[in-house]
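In what follows, a single structure is set out as structure tokens and then discussed.
Taken together, the values in this text are just the output of simple stated rules run on the coordinates, not laboratory data. None of the values given here were measured: they were computed from a predicted structure. Note that each Cβ is placed from the backbone with ideal geometry, even for glycine, and that neighbours are counted across all protein chains shown.
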Amino acid sequence: MPNRRKPYPSDVSDDEWFLVVPYLTLMREDAAQREHSLRELFNGLRYLVRYGIAWRAMPNDLPPWFAVYQQAQRWLAAGCFESLAHDLRAVLRLAAGRTEEPSAAIIDSRTLRSTPESGSRAGYDGAKRKRGSKLHLAVDTLGHLLALHVTPANVDDRAEVGRLADAIQEATGESVTLAYVDQGYTGRAPAEAAKEQGITLEVVKLPEAKRGFVLLPSIASIAKIAPLRACQEIVESGCARG
């Protein structure tokens with residue numbers, strides 16, 4: 001079926017589609033039961049994640065929300081996004097002259113303000129003075145995503161170290177031996193939780209005589225993570241609410 005609608009900024013480009021379609025094709029494009037274009041279903045999912053809408057608010061010129069929802073569930077169950085993120089990270093690392101799998105990671109978190117869609121996932125982060133959700137992230141030293149978990153904002157960063165460390169090793173084949181963190185991760189408990197997964201935590205401390213604004217090395221690269229795994233986590237947490 002030809003696509004006659006006007007494009008949205010969130011639509012996948014031809015080059016992007018050429019890259020991702022092998023990971024998303026779970027059955028033949030001309031299968032009898034396929035009612036909507038696979039590319040349009042993916043565009044619907046990208047629109048939902050990009051603009052933070054409810055499933056039932058899907059624009060009328062995209063496939064029906066329930067079709068996008070059902071296809072997203074199939075992709076999630078098949079691990080499509082994990083495979084894509086893993087292979088893309090490996091290619092980008094090799095292109096940068098690095099090994100395919102990293103030996104070091106960076107762990108950090110970010111608190112996002114709640115919305116009506118946050119539901120029971122929302123919590124209050126006293127340090128950031130925000131109510132909402134918290135993203136616990138791990139990236140390699142080039143800023144490529146290794147792991148991401150979503151919790152209520154009141155969950156302590158240190159409590160998630162063990163879970164993140166386990167996810168890091170699963171994603172990299174246990175190649176990571178060192179993880180950089182800021183001073184919010186100090187203490188015996190997070191260090192031991194990481195050590196159980198074969199990872200040593202190294203706390204990046206502020207200069208003792210700090211004056212004014214000081215940028216911690218590498219931590220800023222957290223903001224450059226690839227969006228696919230974040231897409232998956234948000235979709236997973238939103239699916240149950242419809």
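For the pair Glu202 and Lys128, a Förster radius of 25 Å applied to the C-beta separation gives a FRET efficiency near 0.55, rounded to the nearest 0.05. Sequence-distant contacts, meaning Cα pairs under 8 Å at least 6 residues apart, place the relative contact order of segment 14-78 at 28 percent. Taking amide H positions as modeled 1.01 Å from N, with prolines and chain starts lacking one, the residues under 5 Å from Ala105 and 5 or more places away or on another chain are Leu178, Ala179, Tyr180.
Each of Leu112 and Arg163 was given a label point 7 Å from its Cα along the Cα-to-Cβ line. The distance between the two points is 1.5 nm. Rounded to the nearest 20, the Cβ-based charge dipole of segment 14-78 about its Cα centre (Lys and Arg +1, Asp and Glu -1) stands at 300 debye.
The amide H of Ala147, built 1.01 Å from its N in the peptide plane, has Ala138 as neighbours under 5 Å, considering only residues 5 or more places off or on other chains. The calculated FRET efficiency for the pair Ser103 and Ala189, based on their C-beta separation and a Förster distance of 22 Å, comes to about 0.35.
What the phi angles of segment 133-146 give under the Karplus curve with 6.51, -1.76 and 1.60, with θ = phi - 60°, is a coupling list of 10, 10, 9, 9, 10, 9, 10, 7, 6, 9, x, 8, 5, 10 Hz, glycine and proline written as x.
Counting every other Cβ atom within 10 Å of each residue's Cβ, Phe81, Phe18 order from fewest to most as Phe18, Phe81. Projected label points at Asn60 and Arg5, each 7 Å from Cα along the beta carbon direction, are separated by 1.2 nanometres.
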